[in-house]
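Q: The structure that follows is given in the form of C-alpha cells.
Values in this text are rule-based calculations from the coordinates and carry no lab data. Note that the structure is predicted; figures quoted are calculated from it, not measured. Methodologically, a virtual Cβ is constructed for each residue, glycine included, from the backbone with ideal geometry; neighbour enumeration extends over all protein chains shown.
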Amino acid sequence: MKRQTIVAANWKMNGSFGLVTEMSQGLADLQLANDVSVVVCPSAPFLAALTDALEHEKASEHISVGAQNVSEFEQGAYTGEISTSMLQACKVQYVILGHSERRSIFKETSTQVAHKVKTALDAGLVPILCIGESEAQRTAEQTETVLAAQLQPVIDEVGIERFSHIVIAYEPVWAIGTGKTASPDMAQATHQFIRKFLADIDKDIAAKTPVLYGGSVNAKNCEALFSQTDIDGGLIGGASLKVDEFKVICSAA
Ligand code: PEP
C-alpha cells in the first residue's frame with residue numbers, strides 16, 4: 001500500500017517573521033509529487049502569520065502549518081499553555097507531540113503525551129508523535145523496548161484504529177541536532193520494527209501509518225533515507241531553517 005509521504009519542518013525555538021515570509025515565498029513554487037505533503041511547524045507566535053503568508057503566496061494545498069506542542073487541557077487557568085481551539089483558529093492542521101526535547105527538558109511523560117495525542121485527535125488535528133531512544137539505550141540494546149514503551153500508552157489511550165490519523169516520527173535522540181544520522185539501513189530496521197509493532201495489533205493500520213525519520217536529515221543524506229521501504233518522509237530540524245536546503249529535502253521525498 002502506498003502511504004502518504006510527509007516532510008515536516010520543526011523550527012524549534014528559532015525563526016522570525018522574516019523567515020515566515022522567506023519560507024512561504026520559497027515554498028510557493030515548489031513542485032511536489034502528488035502524494036507528498038509538507039508541514040511547517042514554527043513557534044506559536046508565527047502560526048497565524050505563516051498561514052496568512054502561505055495563503056497570500058497561493059501555496060499548494062499540500063503545504064500545511066503545524067504547531068510544536070499543544071495543551072492537554074481544553075481551556076482555563078493554565079498560564080502559558082495553548083489549546084487545540086487556539087491552534088485551529090490559526091488554521092493549524094498538524095501538531096508535533098512527544099518531541100525528545102519536550103520529554104527530556106520539560107519532563108513530559110509518555111502518559112501525558114498520550115493525553116495530548118487524544119486531545120489533538122479529538123479536535124481534528126493530526127499528531128506527529130515523536131518516539132526515539134537515547135544513545136545509552138541503543139548501546140544497551142534497549143531501542144525496541146523503549147519505542148514500545150513510548151507507543152503503548154498512546155495505543156492504550158486512543159485505540160489502534162485512530163493511528164490512521166496519526167503520523168509517527170522516529171527520532172533517535174542521539175541523532176537530533178548532532179550531525180550524527182542513523183544510517184539508512186539502521187533507520188530502516190527500526191522503522192520496520194515500529195511497523196511490525198503496529199501490525200501485530202492491526203495489519204491494515206500499520207500499512208497506512210506514515211513513519212517519518214528525524215535526526216540530522218539534510219540535503220545530502222535525505223535521498224538515501226527517504227528511499228527506504230518503511231521511511232515515509234522526514235521531520236527536519238536544523239536544515240528546515242534554510243529555505244533552499246529544505247526545498248531540496250522536500251523535492252527528494
Ligand atoms: C528535530 O528537532 O526534530 C530534528 C530532527 O532536529 P535536527 O534535524 O536538527 O536533528
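Q: What FRET efficiency, computed as 1/(1 + (r/R0)^6) with R0 = 30 Å and r the Cβ-Cβ distance, is obtained for Val248 and Glu144, rounded to the nearest 0.05?
A: The computed FRET efficiency comes out at 0.40.
Q: Given +1 on the Cβ of Lys and Arg, -1 on the Cβ of Asp and Glu, and no further charges, what dipole in debye does segment 5-252 carry about its Cα centre, rounded to the nearest 20?
A: So the magnitude is around 280 debye.
Q: Here's something else I'd like to know. Taking a cut-off of 30 Å between Cα atoms, list the lysines near Lys220, but don't count ones fewer than 8 places away on the same chain.
A: Lys2, Lys12, Lys58, Lys180, Lys196, Lys208, Lys242, Lys247
Q: Using the Cα atoms of the chain, I'd like the radius of gyration and the largest Cα-Cα distance, Dmax, both in angstrom.
A: 16.8, 50
Q: Just want to confirm a number: the relative contact order over the chain, from Cα pairs under 8 angstrom separated by 6+ residues, in percent.
A: Rounded, it is 22 percent for the chain.
Q: I'd like to compare 102-112, 242-252: which one has the highest average count of other Cβ atoms within 10 Å, and what's the full order after that?
A: The most tightly packed comes first, giving 242-252, 102-112.
Q: Additional query: Output wanted: per-residue J couplings in Hz (rounded whole) for segment 223-233, from phi through Karplus 6.51 cos²θ - 1.76 cosθ + 1.60, θ = phi - 60°, x for Gly and Pro.
A: 4, 5, 6, 5, 7, 6, 3, 9, 9, 10, x
Q: For Ile63, enumerate residues with amide H under 5 Å from its amide H, sequence gap 5+ or separate chain, H modeled in the peptide plane.
A: Val38
Q: Which FRET efficiency, nearest 0.05, do Ala207 and Asn14 yield, Cβ-Cβ r, R0 25 Å?
A: With a Förster radius of 25 Å, E is 0.10.
Q: With +1 assigned to the C-beta of every Lys and Arg and -1 to the C-beta of every Asp and Glu, and no other charges, what is the dipole magnitude of segment 83-141 about the Cα centre in debye, to the nearest 20?
A: Dipole about the Cα centre, nearest 20: 240 debye.
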